[in-house]
Each structure stands twice: as structure tokens, then as C-alpha cells.
1. Taking 22 Å as R0, compute the FRET efficiency from the Cβ-Cβ separation of residue 252 and residue 174 and round it to 0.05.
2. I want to verify the translational diffusion coefficient of the stretch 1-136 in µm²/s; compute it with Stokes-Einstein, Rh as the Kirkwood radius over Cα pairs, at 20 °C and 1.002 mPa s.
3. Calculate the FRET efficiency for residue 266 and residue 62 from the Cβ-Cβ distance with a Förster distance of 45 Å, rounded to the nearest 0.05.
4. Give me the accessible area per residue for the stretch 96-224, probe 1.4 Å, as a whole number in Å².
5. Quick one: P(r) of the stretch 78-199 from all Cα-Cα pairs, 5 Å bins, percents rounded to integers, in order of increasing distance.
6. Relative contact order of the stretch 1-125: what whole-number percent is it, with Cα pairs under 8 angstrom and at least 6 residues apart?
7. Calculate, for residue 235 and residue 191, the FRET efficiency according to 1/(1 + (r/R0)^6) with r their C-beta to C-beta distance and R0 41 Å; round to the nearest 0.05.
8. Would you mind calculating the relative contact order of the chain from Cα pairs under 8 angstrom and at least 6 residues apart, reporting the percent as a whole number?
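The values are calculated or read from the model by the stated rules, or taken from the named source; none is laboratory data. No experiment lies behind these values; they were computed from the predicted model shown. Note that each Cβ is placed from the backbone with ideal geometry, even for glycine, and that neighbours are counted across all protein chains shown. What goes into the accessible areas is simple: the full protein's heavy atoms, side chains included, and nothing from ligands, DNA or RNA. Shrake-Rupley method; radii C 1.70, N 1.55, O 1.52, S 1.80 Å.
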Amino acid sequence: MASDYFSDRERGPRARTEGRILSPAWGGIVALINGAIVNGGFGATFPSECPDGRGVTGTDFQSMGLAVRGEIPEIAWPLDADSIPDTLAILDLVEFSFARIAKPEAYDFHSFFSHDHLNFDQESGRAEFRVGVNRIFARNRLAYELEENGRIIRLAAPIMREALTGYGFASGDQKLDELLETARAKFLDPDPGIRREGLEKLWDAFERLKTIEPGRDKKASANALIEKSASEPTFKALLDEEAKSLTDIGNTFHIRHSETSQIALESEAHVDYLFHRLFAFVWLLLQAR
């Protein structure tokens, strides 16, 4: 099957900005998992055995359902395309399925029962499932990606994606690098609460960054970083103002501190905006070191 559709080739890939899984995407995921159940794709983990004891013939539907319900209670069994669970529960179901799926391969036909006996190729089964899930995510503009290791990450905005999905930071300060990596990992998590923790860690990293120039106090260190990033006076003034504005934001809103006077961030869109704004600023300063 082609990896894209005519509309994608004509207009380019769809923007992956949606966070909530709605009916079309949920229906696609249900169809994908149910199809794998029918063809025996979960038989390696939940085997339905030949009555003669000659091998696995498919997926034990009841055992799989008990396991799903035991680990993800928000998911009804059998899967119901008309009843949409919480998005995080759906993403848990995708990870659950990835960990247990394998491509069934018939090696023997049992004529008496008219069924095949199956072997399983886990690597191929997982790869095909991952392609199917990610196509559903992409076609429904969902900002999620099922990775090769079976974990789902949340995609950053395209302009920041390369920086946020890199393999590490090298500021020269180990603590700063650890804070940035923690912020990055938390922000890419599908759970909105964990993403808010990522914003908090990024603000901690920002405060740490202001102090890493050797032999200087905090204000002088921050000024030195900005001077390295921009020698042209007008742009340097812009960065000075941005640094002050970001510091004020961190002190005004409920990000790093918990005083009752601080203002709560009321939406995930605001969390995303502030994370990208601060990350872009920190990234710029780090490039100059």
C-alpha cells in the first residue's frame, strides 16, 4: 500500500496539531486491532490452541480482553468504535497492542478442524502495526507518533521538531543539560500534566543558563550570553527585552512557583506556546556558546 494519498502528494502532509482522538481515528484504531485479532496477530501472547494440541490457531479473544481491561480499565471490551475512550487510554491501548502483536505465519493446515497452525514473526508484526497506527495519526492530524521502541511520543510543532527530538544537549554544564533533557522528554509526553512539568523544568533550565558564564554574577552572565548571541545593537536590545519578559512570565504565572498570587495557565495551548517561546530563546543562546 502507498505510504501517502493523492491529497498528501498534491497539498503536502497534513499539519499534526490535534491532541484529542475523535471518532474517525478511534474507529481506525479499533479496525486495526480487531483485524489483528481475527487473523491471529495476538496469538503469540494470547494463544488459542488446537484441540488436538498441535499448535496455536489464533488469538484467545477472552484472555486478551481480560488483559486489556486489567491494565487499561477505561477501555471497554469488545472494542466499541461508537464509544470513544479518553485519549490517553487509547494511546495506552496502542502501546499495549504493539508490545503483544506478531505477524502470524501458517506452517501447517489441520484438515479435520479446517484451521492453520501458526508461527509468529514479532518484528514484522510490530513494524506493520506501527505503520498502520502512524498512518491513522497522520491522516487525522494527530500530534502523536508510535516509535520503533513501542512508545508513543507527542510531536512538537514542526519549526521546533528537529531541536526537540535531537539526541542530547552539550552546553558544557551537566546540570543544565540534564534539566533540558528532562524538559524535552516531559514535553513530548502525551499526558498534559507531564507536559506542564516539562515547562517547569525548562524554566529551571533557563534560570540555570543565566549563571553558567564563569566568573560573573547572574545578571552579568546573562548579559554575556546575549552579547555572544547578537553583536548588532538593535537585535541585542530585542534579546535583552525578551530575557526580561521571559523572567517576568516565570514569576507571574504558575510555572516554577506555587504562590497564591500567581496566575494559572488555563489551557494546554498556553503551555505549548510558552514552552516553544522559551525553548527557542534558550536554543539561540546555546548556539552561541
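1. On the way: r = 30 Å, r/R0 = 1.36.
Efficiency, rounded to the nearest 0.05: 0.15.
2. On the way: Rh = 16.3 Å.
Estimated via Stokes-Einstein, D reaches 132 µm²/s.
3. Working: r = 44 Å, r/R0 = 0.99.
Here the calculated transfer efficiency is 0.50.
4. Values: 6550 Å² over 129 residues.
It amounts to 51 Å² per residue over the stretch 96-224.
5. Using 5 Å bins, I get a P(r) of 2, 9, 14, 17, 16, 13, 10, 8, 4, 3, 2, 1, 1, 0 for the stretch 78-199.
6. Values: 154 pairs, mean separation 29.6, N = 125.
The normalised contact order for the stretch 1-125 reaches 24 percent.
7. Working: r = 37 Å, r/R0 = 0.91.
After rounding, the FRET efficiency stands at 0.65.
8. On the way: 365 pairs, mean separation 38.7, N = 289.
It comes to 13 percent, rounded to a whole number.
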